[in-house]
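Colleague: Below is the structure I would like to discuss, written out as structure tokens.
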Amino acid sequence: MKKNSKFSGFYLGLIFFLMYLPIAVVVIFSFNESKLPVAFTGFSLKWYDALFHNHAIMEALKNSLILGAASCFTAGIIGTLGAVGLFRVHWKSKGVLEYISILPLMIPEIILGMVLMAFFYMLGIPFGMLTLLIGHTVFCVPYILMEVKARLVGMDPSLEEAARDLGAGSFRAFWDITLPLVMPAVISGSLLAFAMSMDDVVISIFVNGPRLSTLPIKVYTQMKTGVTPEINALCTIMLVITLLVLLIYTMIKKYGKRRK
């Protein structure tokens, strides 16, 4: 048993090492004085200064944050209502509807991007933030819908029935009982959808306009001329913000358990 435990620990450590080594390299070279990511020639913060003075990258980051937040908010409403609706209906075609609802996750992104591009062109919608919002919402909805649907399966239906017996209407029972219970699933699904939105390149290229750029598209286009260390600095800042959010969430969760 001890040998197996040591081997499992070594294997787990090796997996984590291979997973986080590229991230560590990016963080280290963000402080490199040299522009070439070949050798560490000296400690410097000039790439962080250059990042904050690079208006193109900062504009792309702002567009990605706005797009991610807006698409997750829209997908959160659609996905939550869709999951509740699918949970309550008992049609014979319910399985088909559930399969269709998660279809955007199974369709290759390049096909989904081409379909959305043709659809927007057919409707005459100008390509830009609106088409990006619709496109990102399409593939964000299934993440939230699946999370909320799984939460509803484990929820006691008698809670909402008790609220109805006490005189609450359908909307009041949903707002006061169902929604607070599924809110953790909505938040977790929204965070996952936000990460997917910030990371998307393929669909964004197909539905993006000529005057708008998101951060993934900006980084992708720089691959032709070489990614500058400013991107390493940006990745480091985003990593630190993510870790801080995770730390604050963990502390709040522990504080809530202690109060209980």
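The values are calculated or read from the model by the stated rules, or taken from the named source; none is laboratory data. Since this is a predicted model, take the numbers as computed values, not measurements. Because the Cβ atoms are built from the backbone with ideal geometry, glycine has one as well, and the counts that use them run over all protein chains shown. Remember, those area values only see protein heavy atoms, side chains included, never the ligands or the DNA or RNA. Shrake-Rupley method; radii C 1.70, N 1.55, O 1.52, S 1.80 Å.
Colleague: Test of understanding: what is the full-extension gain from LEU159 to LEU81, defined as 0.36 nm times their sequence separation minus their Cα-Cα distance? Don't skip to the end; give the middle numbers.
Modeller: Details: separation 78, 0.36 × 78 = 28.08 nm, distance 1.82 nm.
Going from the current span to full extension adds 26.3 nm.
Colleague: Ok, one more. Per residue, how large is the accessible surface of the stretch 109-186? Use a 1.4 angstrom probe and give square angstrom. Don't skip to the answer; put the middle values down first.
Modeller: Details: 4380 Å² over 78 residues.
For the stretch 109-186, the per-residue accessible area is 56 Å².
Colleague: How much of the accessible area of the stretch 126-187, probe 1.4 Å, is carbon plus sulfur, in whole percent? Present the calculation step by step, with values, prior to reporting the outcome.
Modeller: Working: 2200 of 3250 Å².
Ligands and nucleic acids excluded, carbon and sulfur give 68 percent.
Colleague: So, one more: Of all accessible surface on the stretch 1-95 at a 1.4 Å probe, what whole percent is carbon and sulfur? Could you put the intermediate results ahead of the total?
Modeller: Details: 4960 of 6670 Å².
Percent of accessible area from carbon and sulfur atoms in the stretch 1-95: 74.
Colleague: Relative contact order (percent) for the chain, with alpha-carbon contacts under 8 angstrom and 6 or more residues of separation? Present the calculation step by step, with values, prior to reporting the outcome.
Modeller: Numbers: 245 pairs, mean separation 77.0, N = 260.
Relative contact order, the chain: 30 percent.
Colleague: Find me the longest stretch of the chain that has none of the exposed chymotrypsin sites (Phe, Trp or Tyr not before Pro), where exposed means in a DSSP loop (not H, G, I, E or B) with at most 15 other Cβ atoms within 10 Å.
Modeller: Working: sites that count: PHE40, TRP91.
It works out to 92-260.
Colleague: Scan the chain and note any complete DSSP helix (H) whose C-alpha atoms cover at least 30 Å along its axis and whose Kyte-Doolittle average is 0.0 or more. All intermediate terms of the calculation are to be shown ahead of the outcome.
Modeller: Working: long enough: 2-29 (39 Å, 1.33); 55-88 (49 Å, 1.13); 129-153 (35 Å, 1.44); 229-259 (45 Å, 0.88).
Qualifying helices: 2-29, 55-88, 129-153, 229-259.
Colleague: Would you mind working out the accessible area per residue for the stretch 22-98, using a 1.4 Å probe, and quoting it in Å²?
Modeller: On a per-residue basis, the stretch 22-98 sits at 60 Å².
Colleague: Enumerate by residue number the trypsin sites (Lys or Arg not before Pro) in the stretch 129-236 meeting two conditions: DSSP loop (anything except H, G, I, E, B), and at most 15 other Cβ atoms within 10 Å of the site's Cβ.
Modeller: Numbers: sites: LYS149, ARG151, ARG164, ARG172, ARG211, LYS218, LYS224; in loops: ARG211, LYS224.
Those that pass, being in a loop and sparsely packed, are ARG211, LYS224.
Colleague: Have a look at VAL89, SER158, CYS140 and report the one farthest towards the positive end of the charge dipole of the chain, computed about the Cα centre with Cβ charges (Lys/Arg +1, Asp/Glu -1).
Modeller: Value: SER158.
Colleague: Averaging sequence separations of C-alpha pairs under 8 Å and six or more residues apart, then dividing by the length of the stretch 123-191, give the relative contact order as a whole percent.
Modeller: Numbers: 32 pairs, mean separation 31.4, N = 69.
Computed over the stretch 123-191, the figure is 45 percent.
Colleague: Moving on. Taking the Cα centroid of the stretch 179-203 and of the stretch 132-177, what is the distance between the two, rounded to the nearest whole Å?
Modeller: 15 Å
Colleague: A follow-up question, please. Net charge near THR131: determine it from the other residues with C-beta under 14 Å of the C-beta of THR131, scoring Lys and Arg +1 and Asp and Glu -1. Present the calculation step by step, with values, prior to reporting the outcome.
Modeller: Values: positive: ARG211; negative: ASP200.
Around THR131, the surrounding residues sum to 0.
Colleague: To make sure I understand the rule: partners must be aspartates and glutamates, Cα under 17 Å from the Cα of LYS62, and not fewer than 8 residues away in the same chain. Which ones qualify?
Modeller: LYS62 reaches ASP199, ASP200, GLU230.
Colleague: How much net charge surrounds LYS149 when only the other residues with a Cβ under 14 Å from the Cβ of LYS149 are counted, with Lys and Arg +1 and Asp and Glu -1?
Modeller: On the way: positive: ARG88, LYS94, ARG151; negative: GLU98, GLU147.
Counting the neighbours of LYS149, the net charge comes to +1.
Colleague: Helix-derived [θ] at 222 nm for the chain: sum -39500 (n - 2.57) over DSSP H runs of at least 4, divide by residue count, nearest 500?
Modeller: Working: 13 runs with 199 residues, N = 260.
After summing the helix terms and dividing by residue count, I get -25000 deg cm²/dmol.
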